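Visitor: Can you read through this structure? Questions will come right after.
Derivation of every value follows stated rules applied to the coordinates shown; laboratory data play no part. Keep in mind it's a predicted model, so treat the numbers as computed, not measured. Here the Cβ positions follow ideal geometry from the backbone for every residue, glycine too, while neighbour counts run over all protein chains shown.
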Amino acid sequence: MEQTEIILRAIGVLTETNAMVRRISEDDSAIDPSESQLGQLVTEVFPTVEVPADAGPAEAGQAVADAYMPATISLVGAFAFLFSELADLHDAGRTDVSSADLLQDLALRMSRAVDE
């Protein structure tokens, strides 16, 4: 999965999370995390790791770390980028643009970049 696609998916996660927080605060209903976009994103980004049956604990741990490190860096990078964008908006004191508006604008710009 390309980094731009991961960022787009992270925008979906943040948007969904914002809506879930509002729903929970309004009616205190339980949310099933397995049905969330975050759960789906993590499932898609992290590869399945096959550890040889004869691998020792250190070898097994290293195999998992090696397989998961690129995905972890991509996910953290996507959320760090979005945090930075949201923080810049906040720090600039912009009250004319909501976080939802910024995320929507970023999604549109990222989608155009993917299409090009």
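Visitor: Out of the GluC sites (Glu not before Pro) in the stretch 7-102, which ones are loop residues according to DSSP with at most 12 other C-beta atoms within 10 Å?
Guide: Glu50
Visitor: Moving to a separate point now. Treating only the Cα positions of the chain as identical point scatterers, give the base-10 log of I(q)/I(0) from the Debye formula at each q in 0.14 Å⁻¹.
Guide: These q points yield log10 I(q)/I(0) values of -0.73.
Visitor: If you don't mind, another one. How long is the gain from Glu26 to Glu50 if the chain were fully straight, where each residue apart is worth 0.36 nm and the alpha carbon distance is subtracted?
Guide: Between Glu26 and Glu50, full extension yields an extra 4.3 nm.
Visitor: Ok, one more. Gaussian network model of the chain, Cα springs within a sub-10 Å range: biggest mean-square fluctuation belongs to which of Gln40, Gln104, Gln62?
Guide: Between Gln40, Gln104, Gln62, it is Gln62 that shows the largest mean-square fluctuation.
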